[in-house]
Amino acid sequence: MPTIKQLTAIEVLDSRGRPTVKAGCVLDSGVAGEASVPSGASTGAAEALELRDGDRRRYRGLGCRKAVMNILNAISDAVCGRSFDTQGDLDQRLIDLDGTDNKRNLGANAMLAVSIAFARAVAAETGETLYAHFARLAGSSTQTLPRLTVNLFSGNKHAGGTDGGGVAIQDVLLVPGSAASIDESLATVWSVYQHAAELCAERFGSPPLTADEGGLAPPVDGCEAMIDLAVEAMTRAGYEPGRNVAIALDIASSHFYRDGVYTLDGETLDSESMIERLGAWVARWPIVSVEDGLAEDDWEHWPSLRDTLSDHALTLGDDLLCTNPARIERAIDTGAADALLLKVNQIGTLTESAAALKLARDAGWQVTVSARSGETEDNWLADLAVGFGGDQIKIGSITQSERLAKYNRLLEIERETDWPVVGWPRR
Ligand code: 2PG
Ligand code: MG
């Protein structure tokens, strides 16, 4: 039974240069594990609270010293010298100690860093790979690798917002559907990315800026032009859109929804018109997944969105669900979605994330395991996506080391296991 001897914690910086938390967990045996946690920019209102210092003189209030001190004091006092049979026991201890509904006492950043550091330490002690350990936590026996969904173009919150005329939707992603391996998927995506960058340079006179996750942020005239450009890049790269490579969209529509209307590239759409628009998009382009097509509090219209998309694409809930079992249950009961975007820092512990996964699986949903727009060089997400048996993984683009740490880890896991990439999503 693993006994925690000591916890360590420091503030480190994420890929946007903002503070985040790194924790270490040393077991009595001397074996240790470490983990850094990511941070979102386009966050859902129902996410667990990421504890920030609020001192405007330091990192404009974004410092994580309080979260670090919570690990070194309150959490250490509660767990050091104690044995925890399972991850569930440790996580429950953290949840009880926090005692709030959104982890605002200890901070989800502090709690998740400890939760994953403990998992890493236990996996190391038992000699298990981290993905096998995560599989055991989730009760998953799946022996597949997740299909990649890779950020090609970005808009809105990941590309400087829309005030300067930026595109409303957040991400246009490539899904290398016919690639049989992670290796082939990456080579396919790389080729389309290069052609897209060249196309942008030809069309706009200069290479495009890159967004937070390394996607290109070209000055296109709206969302539809951005999707068209993605299709053109695929064709130029020699792929057949819809056969070799498809598209996933993160509409992130909560961020352009106010007072019951969506402001999409200057147009004002009510919920029905927004659904109609997305329905037209999935009929026109090879789109296989639509994330947050409606806003997180537009619950009433989500079932109709799902009905409209279901012949073509997954109705994927991110801000809608926030990896929160209560919200997922509501979505299952009302038929609001058919796929879960799973981000462990939205809920704050591995055990609750595994509960979210189980709910989605029991309902027959697909699952996309996702990074955040602010990431670190830590690569546990790759092991999590494999261990949890994710159908898709969303890490961002293929140009920045915080993303590549995870892609490279997937390559290692592929080499080690030789497991196949899961089949084409739905179509
Ligand atoms: C999303 C994520 C990742 P963020 O909306 O799906 O792209 O963004 O981490 O900023 O919430
Ligand atoms: Mg999203």
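The values are calculated or read from the model by the stated rules, or taken from the named source; none is laboratory data. Source: prediction; values computed, not measured. Here the Cβ is made from the backbone with ideal geometry for all residues, glycine too, and neighbour counts use every protein chain on show. Note: accessible area is taken over every heavy atom of the protein model, side chains too, but ligands, DNA and RNA are not part of it. Shrake-Rupley method; radii C 1.70, N 1.55, O 1.52, S 1.80 Å.
Looking at (1) away from ligand 2 (no atom under 12 Å from the Cβ); (2) under 19 Å from Gly390 (Cα atoms), which one does Gly317 not meet, given that it meets all the others?
(1)
Among the residues of region 176-211, what is the count of those that are within 15 Å of Ile398 (Cα to Cα) and more than 15 Å from ligand 1 (Cβ to nearest atom)? Don't jump to the end; show me each part of the working.
Our first condition is that a residue be within 15 Å of Ile398 (Cα to Cα); within region 176-211, this holds for 176, 182-197, 209-211.
Next, from what is left, pick out any that are more than 15 Å from ligand 1 (Cβ to nearest atom): 176, 182-197, 209.
Final tally of qualifying residues: 18.
Select from region 325-367 the residues that are β-branched (Val, Ile, Thr) and farther than 30 Å from Ala23 by Cα and list them in ascending order. Quick ask: steps written out before the conclusion?
Of the residues in region 325-367, the ones β-branched (Val, Ile, Thr) are 328, 332, 334, 344, 347, 349, 351, 367.
Within region 325-367, Ile332, Thr334 meet the criteria.
Going by the structure shown, is Ala246 among the small types (Gly, Ala, Ser) and in a helix (DSSP H, G or I)? Working first, answer last.
Working: among the small types (Gly, Ala, Ser): yes; in a helix (DSSP H, G or I): no.
Against the criterion (among the small types (Gly, Ala, Ser) and in a helix (DSSP H, G or I)), Ala246 does not qualify.
Do we have any residue at all in region 321-334 that's acidic (Asp, Glu) and more than 16 Å from ligand 2 (Cβ to nearest atom)? Working first, answer last.
We begin by selecting, within region 321-334, every residue acidic (Asp, Glu); these are 329, 333.
From the residues that got through so far, the ones that are more than 16 Å from ligand 2 (Cβ to nearest atom) too are 329, 333.
Yes, some residue in region 321-334 is acidic (Asp, Glu) and more than 16 Å from ligand 2 (Cβ to nearest atom).
Kindly establish whether Val12 is over 10 Å from Ala121 (Cβ atoms), under 18 Å from the mean Cα position of the chain (by Cα), part of a strand (DSSP E or B) and not assigned by TED's automatic domain parsing to the domain that holds Val344. Give the derivation first.
On the way: over 10 Å from Ala121 (Cβ atoms): yes; under 18 Å from the mean Cα position of the chain (by Cα): no; part of a strand (DSSP E or B): yes; not assigned by TED's automatic domain parsing to the domain that holds Val344: yes.
Answer is no for this residue.
Return the only residue of Lys22, Lys5 being open to solvent by less than 60 Å² (accessible area, probe 1.4 Å), assigned to a strand (DSSP E or B) and modelled with pLDDT of 95 or more. I'd like the intermediate steps shown before the answer.
Working: Lys5 fails: open to solvent by less than 60 Å² (accessible area, probe 1.4 Å).
The unique qualifying residue is Lys22.
Specify which of the listed residues (Gly88, Gly107) is at positive phi and modelled with pLDDT of 95 or more. Even if it seems obvious, please write down each step before you answer.
Numbers: Gly88 fails: at positive phi.
Result: Gly107 is the single residue among Gly88, Gly107 that is at positive phi and modelled with pLDDT of 95 or more.
Between residues in region 280-303 that are more than 22 Å from Lys394 (Cβ to Cβ) and residues that are basic (Lys, Arg), which pairs lie under 8 Å by C-beta distance while being six or more apart or on different chains?
Final answer for the pair search is Trp299/Arg330.
Within the bounds of region 195-208, is there any residue that is touching a residue at least 60 places away in the same chain (Cβ under 8 Å) and either under 25 Å from Ser401 (Cα atoms) or open to solvent by 20 Å² or more (accessible area, probe 1.4 Å) (or both)?
Initial filter on region 195-208 (touching a residue at least 60 places away in the same chain (Cβ under 8 Å)): none.
No, because not a single residue in region 195-208 is touching a residue at least 60 places away in the same chain (Cβ under 8 Å) and either under 25 Å from Ser401 (Cα atoms) or open to solvent by 20 Å² or more (accessible area, probe 1.4 Å) (or both).
Here is a list of conditions, (1) part of a loop (DSSP other than H, G, I, E, B); (2) within 20 Å of the chain's Cα centre (by Cα); (3) over 29 Å from Glu267 (Cβ atoms), and Leu186 meets all of them except one; can you say which number that is?
The number of the failed condition is (1).
Applying the selection to region 235-266, what residues are exposed (fewer than 15 other Cβ atoms within 10 Å of the Cβ) and more than 21 Å from Gly155 (Cα to Cα)?
Thr235, Gly238, Glu240, Arg243, Asp259, Gly260
So is Ser191 open to solvent by 20 Å² or more (accessible area, probe 1.4 Å) and hydroxyl-bearing (Ser, Thr, Tyr) or not? Walk me through how you get there before you give the answer.
Values: open to solvent by 20 Å² or more (accessible area, probe 1.4 Å): yes; hydroxyl-bearing (Ser, Thr, Tyr): yes.
Here the answer is yes, as Ser191 does meet what is asked.
Out of the residues in region 318-336 that are acidic (Asp, Glu) and over 19 Å from His255 (Cα atoms), state the one that is nearest to ligand 1 (Cβ to nearest atom). Working first, answer last.
Pass one, region 318-336, residues acidic (Asp, Glu): 318-319, 329, 333.
Going one step further and asking which of them are over 19 Å from His255 (Cα atoms), we end up with 329, 333.
Numbers: Glu329: 21, Asp333: 24 Å.
Of everything passing the filter in region 318-336, Glu329 is nearest to ligand 1 (Cβ to nearest atom).
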